[in-house]
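Report on the structure given below.
The values are calculated or read from the model by the stated rules, or taken from the named source; none is laboratory data. Here the structure is a predicted model, which means the values were calculated and not measured. Cβ coordinates were reconstructed from backbone atoms using ideal geometry, including for glycine residues, and neighbour counts include every protein chain displayed.
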Amino acid sequence: MSANSALMGFVHRRRRGAELFLLILALVVGIGAYAAVGLGVDGEVPTNLLGYGGWLAILVVGAHVAVRLVAPYADPVLLPVVAALNGLGLAIIHRIDLARDTGLASQQLTWMTLGVALFIGTLIALPDHRLLARFTYTSGLAAIVLLILPMIPGLGTSINGAKIWISLGPFSFQPGEVAKLLLVITFAGYLVVHRDALALAGRRVVFVDLPRGRDLGPILMMWVVSLGILVLQRDLGSSLLFFGLFLIMLYVATERPGWLVVGGLLFFGGATVAFRIFAHVQNRVDIWLDPFADPNGNGYQLVQALYGFAWGGLVGRGLGEGMPQRVPYVESDFILAAIGEELGLTAVIAVLLLYGLVVERALRAALISRDGFGKLVATGLAAVFALQVFVVVGGVTRLIPLTGLTTPFLSYGGSSLVANWVIVAILLRISDQARRPLPDLTADADDPDEQATQVVKVVPR
Amino acid sequence: MSELTLFLVRIAYLAILWIFVLSAISVIRSDMFGARVPAPAAPGKQPKPPKTSSPRRGQPTQVAVVQGVNTGITADLSQAPILIGRGNDAAIRLDDDYVSTRHARIVSSGGQWYVEDLGSTNGTYLGSQRLTQPVPVGLGSQIRIGKTIVELRK
């Protein structure tokens, strides 16, 4: 293997310095937005700017030091990009707080602290992503349990018609956000073992190779159960996310384009059935087709968001000078409308590019990863990000019917933020393993076991 | 706060946002070809001689041909990496028709000896296993190369 890497002739650089540079810029993006909000609303720089900026800097530098110590080869772009998105989101939520006199931003900052702590914890506790493959079925079971939890009377809380929350004392928590990570691990762990059987054994029907039932059965059941739960909970966005995730991972694992055809047909079939059966789906589609039919009722939210985008124009009204608070749920699902209104198309494109970069880096980690499990997990997590952003941004900008999902890292919402930080930690771990040079067989080391194998090691470095 | 100042703040902020996006992209751009060829072997290999001068107990010190046309040939492991093949530059030169010019080599890493196939035609076997990657070998493991068998000895 050393011969291979020498022939291919490259080793990835650590690039931790580049990461630090980008992180400082990301801090400027986050703190600058906070200062600009203060300037726009009150006409002065907020008095707690130093405390706020200091706290943000501590979090970001803490995460950076952790990466430097335990994942030195990790991707240098992912962490700064998500830090910038999170900082921008905090500032926008703070701006909405100022207009509505609420205190969401400080709660979000608490969640971000927890998220970064878990990010560091994940990096330390998980020296090798392949350890996750041991928990293939455990995590599948955990995902289903988590998805069922909100349906248990007394524990689950129904907020805005969707029963996707559980309340633990003062906190409410959305288990679906964690479930998507667990499902990615389950799918990846299962598919990496059974991919050959899935791709090669089976019958050919029309132009699609159908795998044998015993190969596809377990994973299909897993997926039907989780999707069924979500449909019962009326969580359209997450159902769409899980469906797309399953399809993409199956396609990537088996390399059969036929799955996309089958999946596409299933999607349109399912969407038609859902449209017929569920009144709220019809309602969403009606709003999408003609939001101005009822601009002060059903269509109010979308119409106001569209007005916001239009009013914002190319460079926006300026932070603190628009009226984003008039859009219902502008701090969570519709946060992009607030950005579009106050910072304009220029910033919206920048934000979309940042999401694109996150997906690109995740897919890049999948490409260069040396083991199938890592490839599939990274692909799955990239798909989660891409689908989530597409569904929510498409909904807000009226490209597709609106289905509720949070915008990763930007939106107000603790469970989503914490889960996404953990996802980024796992992506960094995979990219660290992938970019790490192979052990050099000609090098000397005194411990005979140290570089003996490429099998999962318990201790990194 | 005047209208103009707020306008400048807004433009400045958008500029910062885009500077961030563009610097992130430029870091990625350097990553595209950002893999660099590792430094030529010479400088990194300096600390090698002192180690080989003191072989530990129970460690093999030489490699010997135990079966085949050239039975009896040995090579000292202190000259590692040891090239095995039909070529003139091989430390163990075999006159076996089933052996390639540069067939396999024996290298050391972390105190452990490995045998690595160098893309030979007929393959290198450890037991019945054809090698596809470097495999650790110990004292007495029989490495089959063509019709020849070599092993590590004390």
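The table for this structure:
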read-out: Qualifying residue in the range A:368-379 (condition: assigned to a helix (DSSP H, G or I) and within 14 Å of another protein chain (Cβ to nearest Cβ)); value: yes
read-out: Given (1) touching a residue at least 40 places away in the same chain (Cβ under 8 Å); (2) not in a helix (DSSP H, G or I); (3) not polar (S, T, N, Q), index of the condition A:Leu198 fails; value: (2)
read-out: Unmet criterion (only one of (1) more than 30 Å from A:Leu306 (Cβ to Cβ); (2) basic (Lys, Arg); (3) away from every other protein chain (no Cβ under 12 Å)) for A:Arg398; value: (1)
read-out: Residues being touching a Gly at 6+ places or on another chain (Cβ under 8 Å), modelled with pLDDT under 75 and either farther than 24 Å from A:Lys375 by Cβ or of a type in the set (D, E, K, R) (or both) - total across the range A:182-209; value: 2
read-out: Members of the range B:87-106 that are away from chain A (no Cβ under 11 Å) and under 20 Å from the mean Cα position of the chain (by Cα); value: B:Asp89, B:Ala90, B:Ala91, B:Ile92, B:Ser100, B:Thr101, B:Arg102, B:His103, B:Ala104
read-out: Any hit, the range A:284-291, residues being under 28 Å from A:Arg212 (Cβ atoms) and part of a loop (DSSP other than H, G, I, E, B); value: no
read-out: Criterion (within 21 Å of A:Tyr251 (Cβ to Cβ) and of a type in the set (Ser, Thr, Tyr)) met by exactly one of A:Ser369, A:Ser332; value: A:Ser369
read-out: Scope the range B:107-153; condition in a loop (DSSP other than H, G, I, E, B) and at the interface with another protein chain (Cβ under 10 Å from one of its Cβ atoms); matching residues; value: B:Gly110, B:Gly111, B:Leu118, B:Gly119, B:Thr132, B:Gln133, B:Pro134
read-out: Hits in the range B:79-98 (condition: of a type outside the set (A, V, I, L, M) and under 14 Å from B:Val65 (Cα atoms)); value: B:Gly85, B:Arg86, B:Arg93, B:Asp95, B:Asp96
read-out: Filtered residue count, the range A:292-322, keeping only those that are assigned to a loop (DSSP other than H, G, I, E, B) and surrounded by fewer than 20 Cβ atoms within 10 Å (Cβ to Cβ); value: 10
read-out: Wholly within the range A:1-120, helices (runs of 4 or more DSSP H) carrying at least 3 residues that are within 13 Å of chain B (Cβ to nearest Cβ); value: A:2-8, A:16-42, A:78-100
read-out: Condition check for A:Gly237: assigned to a helix (DSSP H, G or I) and surrounded by fewer than 21 Cβ atoms within 10 Å (Cβ to Cβ); value: no
read-out: Residue match in the range A:257-280 (condition: touching a Ser or Thr at 6+ places or on another chain (Cβ under 7 Å), in contact (Cβ under 8 Å) with a residue 40 or more places away in the chain and assigned to a helix (DSSP H, G or I)); value: no
read-out: Sole exception among (1) under 27 Å from A:Tyr307 (Cβ atoms); (2) within 14 Å of chain B (Cβ to nearest Cβ) for A:Ser332, by number; value: (2)
read-out: Selection from the range A:323-346 of residues that are surrounded by 23 or more Cβ atoms within 10 Å (Cβ to Cβ) and assigned to a loop (DSSP other than H, G, I, E, B); value: A:Val327, A:Val330, A:Glu331, A:Asp333, A:Phe334, A:Leu343
read-out: Filter result for the condition that a residue is within 14 Å of another protein chain (Cβ to nearest Cβ) and within 30 Å of A:Gln107 (Cβ to Cβ), over A:Leu363, A:Leu410; value: A:Leu410
read-out: Sole residue being at pLDDT 95 or above and either closer than 17 Å to A:Asn86 by Cα or not β-branched (Val, Ile, Thr) (or both), chosen from A:Leu336, A:Leu354, A:Leu343, A:Leu314; value: A:Leu354
read-out: Filter pass, A:Ala386 being away from chain B (no Cβ under 14 Å), touching a residue at least 24 places away in the same chain (Cβ under 8 Å) and either hydrophobic (A, V, I, L, M, F, W, C) or part of a helix (DSSP H, G or I) (or both); value: yes
